[in-house]
Amino acid sequence: MSENKVLESIVEQINLRLTEICSLRQDFTKKEDDSFVSKGDLLVQDIVVELINNNLPDHNVISEEDAPFEGVDFDETSSYVIIDPIDGTENFVSGLKEWGVGVSIYTKGKHVGSLILLPELNDFLMTGMKTDKYKSRIIGLSSSLTKSDLIVLPDEGFEYRIIGCSMYNMLSAVRGAYARFENVKGVNCWDVLPGLNLALEHGTYAEVDGSPYSGQILFPTRKYKIKLSSEG
């Protein structure tokens, strides 16, 4: 099965089991970093990993729920699937629909496919798909910003949104529904790789740590500051 067919199968299987996934949103625990993990996260991970293992057995899986990756040697020329089973778990366990699944596939060091899936919003975008493009004055903000960060934002000429889901935010930026989205605090590779690569495909400017992004794999060895912008 090709990489894109695997992404299509992920969409199909998660949608088929969405009721079961959502039934687990109240069964959660707190991780060491004070974030939540639910049994819904773990079920999505199981669904995705099974599809990867069955169809792309030469690929190594990097998933948020397997972190931290201490002592792991990563190779930029190897094959990996980077997964965020549920991005926006705080939203998910709180009963909000703005949560997403992110997957990026790299084969022998080259990006071959990415997926952003927003299951409860019945929306997704994956490599090879067309999408509408919009013009907007809305700037998406990361939920990691503090009150002091928010106070210094310009108060004229912009609309601001804090959604609490990187997949939702990045998909909105790829489509131009946000004029810009950035995370200046730093995030993990699984939070951003799908959005970065879909941005490149759809002509949205993408930046990592102050430099233009060009499709390279990012590993869970540190956090990355990112920006997506329709304005360049």
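Checking the condition surrounded by fewer than 23 Cβ atoms within 10 Å (Cβ to Cβ) and at pLDDT 95 or above, which residue from Y160, Y168, Y205, Y178 passes?
Values: Y160 fails: at pLDDT 95 or above; Y168 fails: surrounded by fewer than 23 Cβ atoms within 10 Å (Cβ to Cβ); Y178 fails: surrounded by fewer than 23 Cβ atoms within 10 Å (Cβ to Cβ).
Only one candidate qualifies: Y205.
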Item to check | Those residues of segment 24-49 which are in a loop (DSSP other than H, G, I, E, B) and without any contact (Cβ under 8 Å) to a residue 40 or more places away in the chain, in sequence order | outcome: L24, D27, K31, E32, D33, D34
Checklist entry - Residues that are crowded, with 19+ Cβ neighbours inside 10 Å and over 12 Å from the mean Cα position of the chain (by Cα): which strands (runs of 3 or more DSSP E) entirely in segment 50-110 hold 3 or more of them? => result none
Item to check | Pairs where the first residue, in segment 100-119, is over 17 Å from V44 (Cα atoms) and the second is of a type in the set (A, V, I, L, M) and assigned to a strand (DSSP E or B), C-beta under 9 Å, 6+ apart | outcome: Y106/V81; Y106/I82; Y106/V112; H111/I105; V112/I105; G113/V103; G113/I105; G113/M126
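The rows are residues; the columns are (1) among the hydroxyl-bearing types (S, T, Y); (2) under 24 Å from D132 (Cα atoms).
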residue	(1), (2)
C189	no, no
L193	no, yes
E201	no, yes
V208	no, no
S211	yes, no
T221	yes, no
S229	yes, yes
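Residues that are in contact (Cβ under 8 Å) with a residue 40 or more places away in the chain and within 24 Å of T77 (Cβ to Cβ), at least 1 per element: which helices (runs of 4 or more DSSP H) completely within segment 132-232 meet that? Full working, then the answer.
Details: elements: 147-151, 166-174, 189-201.
Helices (runs of 4 or more DSSP H) meeting the threshold: 189-201.
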Checklist entry - So T107 fits all but one of (1) more than 18 Å from N4 (Cα to Cα); (2) in contact with a His (Cβ under 8 Å, 6 or more places away or on another chain); (3) in the same structural domain as D41 (by TED's automatic domain parsing); what number is the exception? => result (1)
Checklist entry - When you go through (1) under 19 Å from V187 (Cα atoms); (2) within 18 Å of the chain's Cα centre (by Cα); (3) not assigned by TED's automatic domain parsing to the domain that holds D27 one by one for T131, which number turns out not to apply? => result (1)
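For (1) at pLDDT 95 or above; (2) closer than 12 Å to E65 by Cβ; (3) not assigned by TED's automatic domain parsing to the domain that holds S94, each residue gets a yes or a no:
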site	(1), (2), (3)
E8	yes, no, no
E12	yes, no, no
L16	yes, no, no
E20	yes, no, no
R25	no, no, no
E32	no, no, no
V37	no, yes, no
L43	yes, yes, no
D46	yes, yes, no
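Filtering segment 120-131 down to residues that are touching a residue at least 60 places away in the same chain (Cβ under 8 Å) and part of a strand (DSSP E or B), which residue is surrounded by the fewest Cβ atoms within 10 Å (Cβ to Cβ)?
Just the residues of segment 120-131 that are touching a residue at least 60 places away in the same chain (Cβ under 8 Å), to begin with: 120, 124-128, 131.
So of that shortlist, the ones also part of a strand (DSSP E or B) come out as 124-126.
Values: F124: 21, L125: 23, M126: 19.
Across segment 120-131, the extreme among qualifying residues is M126.
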Item to check | Criterion: of a type in the set (D, E) and in contact with a Lys or Arg (Cβ under 9 Å, 6 or more places away or on another chain) - qualifying residue of D87, D75, D132, D66 | outcome: D132
Next on the checklist: Among the listed residues R180, R222, R161, identify the single one that is under 22 Å from D66 (Cβ atoms), more than 15 Å from the chain's Cα centre (by Cα) and of a type in the set (D, E, K, R).
Outcome noted: R222
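The values are calculated or read from the model by the stated rules, or taken from the named source; none is laboratory data. As the structure is a computational prediction, the values presented were derived from the model and not from experiment. We place every Cβ from the backbone using ideal geometry, glycine too, and count neighbours over all the protein chains shown.
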